Amino acid sequence: MEQVNPNFSLMKMLAFFIPLGFSASLTSITHVIINGTLGRADHAEIIIANYAIALSLFGIIERPVLVFRQTCSALVKGKAS
């Protein structure tokens, strides 16, 4: 059986995963707060629908931009390129 890396510990794992869980929770909570705030406005259904459309468009546009950024980072070798 292989030896586990002695530098790998439960505390290091928790230090990595707890901030990830916290940021995912913040994202979920902010959407609830935004929808709750928009729901109190006049013509709330129209405003929430527009928010949902804008969020969807952002998601559609964001994916190719992230891939393009990663591709550019992989292709760049120095200042000249």
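Structural remarks
- Gain on full extension, evaluated as 0.36 nm per residue between I60 and T27 minus their Cα-Cα distance, stands at 10.1 nm.
- Sparse-neighbour loop sites [trypsin sites (Lys or Arg not before Pro); segment 5-81; at most 11 other C-beta within 10 Å; DSSP]: R40, K77, K79
- On Cα atoms only, tilt of 10-39 relative to the major axis of the chain in degrees: 10
- Surface share of carbon and sulfur [accessible, 1.4 angstrom probe, percent] for segment 23-72: 72
- Comparing L38, L66, L26 in a Gaussian network model of the chain, where Cα atoms under 10 Å apart are tied by springs, the biggest mean-square fluctuation is seen for L66.
- Taking the longest Cα principal axis of the chain as reference, the axis of helix 44-75 is set at about 30 degrees.
- Candidate values [x] 8.2; [y] 6.6; [z] 10.7, label of the one derived for mean projected area of the Cα convex hull in nm²: [z]
- Think of each Lys and Arg Cβ as +1 and each Asp and Glu Cβ as -1; about the Cα centre, that makes the dipole of the chain roughly 420 debye.
- Modelled label positions at Q70 and F8, each set 7 Å beyond Cα in the direction of Cβ, lie 2.3 nm from each other.
The values are calculated or read from the model by the stated rules, or taken from the named source; none is laboratory data. Please read these numbers as outputs of a predicted model, since none were measured by experiment. Cβ atoms come from the backbone with ideal geometry, glycine included; neighbour counts cover every protein chain shown. Only protein heavy atoms, including side chains, enter the accessible area calculation; ligands, DNA and RNA are left aside. Shrake-Rupley method; radii C 1.70, N 1.55, O 1.52, S 1.80 Å.
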